[in-house]
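A short worksheet on the structure shown next.
We did not get these values from a lab; they are worked out from the coordinates using the rules stated. All figures in this text were calculated on a predicted structure; none of them were measured in a lab. In this analysis, Cβ positions are derived from the backbone assuming ideal geometry, glycine residues included, and neighbour counts consider all displayed protein chains.
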Amino acid sequence: MKTLQEVLHTRRELLQFGGLGIAGAAVDSVWPLQLKAATGKKVTPRSSARNVIYYEFSGAISHVDGFDFKENASTPKDFDVRQLPSGAYLSHYLFPRTGAVMDRIAVLRSLKSHEQVHFRGQYYVQTGRQMNLAFAKEVPSVGSVIASELESRRRENDTFPTYLSFNLEKGAAGALATGFLPARFSVFDMDPQQAVKGMALDQKALELIEERWRLLNGLRDLERARVAGYSKQMATFEDFSATAHKLLTDSRWPAAFTIPEADRKRYGNTPVGMSCILTRNVLMQDAGTRYIHICHPGWDHHSRIWDRQASSNHYKLIAEFDPAFASLIEDLAATPSRSTAGKTLLDETLVVAMSEFGRTPGPVNHLNGRDHYNPCFPALFAGAGVKGGRILGSTNKDGSACVETGWDHKEQPRIENVVATMYSALGIDWTKEVRNTPSKRAYVYVDPLGANGYIPTDEIATIYG
């Protein structure tokens, strides 16, 4: 057990939520929201999940070497490509553990992105819409919208933040703020290596925290009338203080950040391995967290993509991904739900894994790498009713163009449709509009206006069979 000063020092490094929450208050918060269903087709959310995990290959994994495998002149000889029961091909050398859980995973190979540069692409992933600089400051992240929507479902003992992330600050876009939503719906972004350093408080420290909390509340009560006209950031500071107090005094929080050595070995003793362990642990505690974004950065290999001597390459990053992701799927499938008898955590958790776009197909470029490519790329889905072991959509011989979309539209699915799928799984009507934004411009949860006109905004229902 640590003393109060030791733990507070660790948590000052860990709890970046405060800074992010204040950033989210840069736009005047709109609360309560004036919500209405969008005009047009009425939708019925699927409501199959209590939780969503979003695993981001930040920087873009090569789809033609991975989950839409296409042999070409640059395919390394050591891949040991094998056919899966679904009929798809996957490198057994690169993905031995993931290959073993593909019976739980549906792969959609036909996604298309509006974007082809990292910052805008990762902004698109986090917000579900193209960046418009005129309104970007007021646009919330998908996780913040989820936190806002699910606030009414939070229970008295839900102390964990609804929206949690690992390593988002290491992505090109960083951890986005809450836009027009109050800062209390901000992401709680953590460095997993800092998070596991130990945060349990001894009894003396807990008593001191409670005494300080009592004194702070007394001072706030005395000063409340005087500061009532101050900036809305004052409320943000109070939200942050309340969140920190709840976490500091909840024994489930340090329990969630305890990692047995056996788990480090099985998931991989890497930042993304620890992120996946902590994701599992947090959901096992069932303490209020419902949306977790795992950012796995570094996939942008324009050169030396398969060069083992390079400081970063796809061999290295896939070796980090494979045990971490497969172990997460295995453990969610083996962990009983705390809320529904007879169900597992995987039964009530939608897992999504994808990049912001793909990488150029065919032979590698003159630098022995692959560049950005947005016409088609895959996404992986598991849990919450997803029918695993299936391949949806298809591309041509070299993976450069979509030939079958894999869902109920002739248009290729977009990131908007992945967002609609996550909202639907959580029971959120993705056609809702917010009418009282600071700019007075209607904000639609899933925007039907794409880069070249209107796009379908449906969920990707075919992943469910």
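Observations on the structure shown:
- Overall form of the range 362-465 per C-alpha gyration tensor (a/c, 1.5; a/b vs b/c): oblate
- Projecting label points 7 angstrom from Cα along Cα→Cβ for Asn396 and His366 puts them 2.5 nm apart.
- Ranked Glu411, Glu416, Glu320, criterion: other C-beta atoms within 10 Å, fewest first: Glu411, Glu320, Glu416
- Length gained when the stretch Asp408-Tyr89 is fully extended (0.36 nm per residue, less Cα-Cα span): 112.4 nm
- Using the Cβ of Thr405 as centre and a radius below 15 Å, the other residues enclosed give a net charge of -2, where K and R count +1 and D and E count -1.
- Förster radius 35 Å - calculated FRET efficiency between Arg155 and Arg435, Cβ distance, rounded to 0.05: 0.70
- GluC sites (Glu not before Pro) restricted to the range 133-186 and DSSP loop, no more than 14 other C-beta within 10 Å: Glu156
- In order along the range 117-122, phi translates into HN-Hα couplings of 10, 5, 4, 5, x, 6 Hz, rounded to whole numbers, per the Karplus curve 6.51 cos²θ - 1.76 cosθ + 1.60 with θ = phi - 60° and x for Gly and Pro.
- In terms of its C-alpha gyration tensor, the range 262-394 has a prolate overall shape, because the principal axis ratio a/c (a ≥ b ≥ c, square roots of the eigenvalues) is not below 1.5 and a/b outweighs b/c.
- Charge tally in the Cβ shell below 10 Å around Cys376, where Lys, Arg are +1 and Asp, Glu are -1, Cys376 excluded: +1
- Pair Asp80, Arg264: separation of 7 Å Cα→Cβ label points (nm): 2.7
- Local electrostatic count at Val386 - Lys and Arg +1, Asp and Glu -1, tallied over other residues with Cβ under 11 Å: +3
- Prolate/oblate/rounded call for the range 145-186, Cα gyration tensor, a/c under 1.5 rounded: oblate
- Computed over the range 403-446, the alpha-carbon pair-distance distribution with 5 angstrom bins reads 5, 21, 19, 19, 18, 10, 6, 2, 1, each value a whole percent.
- DSSP-assigned coil residues among trypsin sites (Lys or Arg not before Pro) in the range 47-78, each with at most 13 further Cβ atoms within 10 Å: Lys77
- The range 372-386 - phi-based ³J(HN,Hα) in whole Hz, Karplus 6.51/-1.76/1.60, Gly and Pro as x: 6, 8, 10, x, 7, 6, x, 9, 10, 10, 8, x, 6, x, 4
- For a modelled paramagnetic label at Lys36, 7 Å from Cα along Cα-to-Cβ, the residues of the range 418-446 in reach, with backbone nitrogen under 19 Å, are 429-446.
- For the pair Lys170 and Ser312, the difference between a 0.36 nm per residue extended length and the Cα-Cα distance amounts to 49.6 nm.
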